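Notes follow the structure.
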Amino acid sequence: MRMPRRGLVIQARTRWLLVGLALLFSLVLLMYLLECAPQTDSNGSLPGVVGESMGKEYYQALLQEQEEHYQNRATSLKRQIAQLKQELQEMSDKLKSLQEKKSPKVSGMNYQGTKEQTSNDLLEFLHSQIDKAEVSVGAKLPSEYGVIPFESFTSMKVFQLEMGLTRHPEEKPVRKDKRDELVEVIEAGLEVINNPDEEDGQDEDDGVGDRQLYSENDFIEGYYRTERDKGTQYELFYKKMDGMEYRHVTLFRPFGPLMKVKSETVDISRSIINIIVPLAGRTEAFAQFMQNFRDVCIHQDKRVHLTVVYFGQDGLSEVKSILESVARETDFHNYTLVSLNEEFNRGRGLDVGARAWEKGEVLMFFCDVDVYFTAEFLNSCRLNAEPGKKVFYPVVFSLYNPAIVYANQDMPPPVEQQLVHKKDSGFWRDFGFGMTCQYRTDFLTVGGFDLEVKGWGGEDVHLYRKYLHGELMVIRTPVPGLFHLWHEKHCADELTPEQYRMCIQSKAMNEASHSHLGMLVFRDEIEAHLRKQAYRTNSEAVG
């Protein structure tokens, strides 16, 4: 009597399963039709006078952006429909196997067992790819060139290191497959956040109505990198407009479907950053730095401490005066000025600044006086450094000599207007490791800087290598909110041959883009050509 009853149960379950899948398929199809329907909102009309002043090019670009957004959404829905169709086909295959179970045969059971074993082996392999990749823990690497850097992206742009002579440091994804990939990843992250598993740490008492749902507009930034023999890792950050809590989702594509690694809430509302700046002379540059510090750190972020380590006596009184003036005008007193009566040594200054902090654990940002940063960067600093687990080594966008970049203008524009990511305005400084965010305990645990390094350069690479040789994960990625301002470089004769070579290389790289340097090299040839053209034009006019 058990066999017929079992058959009825299987048939009943199968019938309900098919009904459920059919309803789900219909719902997704309805969503697709609604998404693809044209918008009829009257607010979409173009304003008269404003529209005329801004030009039709602006609105064409705006319409193109909107069209790309809806095309991406439609593509995503089509992909989901295709996946549902595939699932329906798989369920159909499972139904056949269930029917075969009604009249059990040895061969059928062996076939089913083999199929399940194959599926388990595949799943085990995909998880092993995550374990092998540098996703949850750092890997010991032989040198600073062994790390695989991330590339960062927002919902509209990608910030990339590998440019060659055709790509740009900041651009929209040109290839359709890359656009679709990033859209899929952002939506997959939203799915993880809005429909959490028990392992994600959500309280069971929190119902769907109490839980805050996230949308595409809440996506802040993401990073991705690909290990060729393992897969692609994605680090995604979401935040509500009026909140300070970030949602961090890590996804991994092991050359197959995306697999969730973790989903967590990151609260950075109480995370203080100790910004440490070593300095000797250069008081004008320090005054400009403090203007940016006042705008970003004091007026916007409000969760920073500034430590200035000054070498020598010349200019010390001016630095004190600048700090006291800012403190008076803004009521900001979270700063420390350490004076060292010795020759400038960047590693020594940062080491002294790190040890001068006496309030326990703190996140440190090693900074230079020529660096301009935004409030968004400070949050990226907080999100990508974790004590005992991660250190953050952002790639700075280094600006070229403004006298060359803006040679066709009477004078260079203000600094704030120079902060653009273009091939002729600057480059990603991927050979520099001086700007970094790391916790004080991690810095002290690895032994800090090599204080035997004298003069310019080298100390930051030594520290970077210490982390690569250890267990901590190194997050290396270009960030849009961190700029190195151009300034004149002097390579001293006292430098070692290796330091002098690095200094000259840095000086050449900082001066101008490939095309602008070419224009300078061939200036005489270009001027001779222009003179010939002018002479030919005048001759034709006279004739």
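Which value, to two decimals, describes the C-alpha radius of gyration of the range 273-519 once divided by 2.2 N^0.38 Å?
0.99
A simple spin-label model places pseudo-atoms 7 Å from Cα toward Cβ; at Asn401 and Lys240 they are separated by 5.2 nm. Taking 0.36 nm per residue of sequence separation and removing the Cα-Cα distance, the Ser136/Arg294 pair yields an extension gain of 53.2 nm. With 30 Å as the limit, the listed pairs Lys260/Lys423; Lys230/Lys389; Lys78/Lys423; Lys302/Lys390 have Lys260/Lys423; Lys78/Lys423 beyond it between alpha carbons.
Spin-label pair Gln505-Lys359: with each label point 7 Å from Cα along the Cα-Cβ axis, the two points sit 4.0 nm from one another.
Bear in mind that the values in this text are calculations on the coordinates, not laboratory data. Quick caveat: nothing in here was measured; it's all calculated off a predicted structure. So basically every Cβ, Gly included, is an ideal-geometry build from the backbone, and we count neighbours across all protein chains shown.
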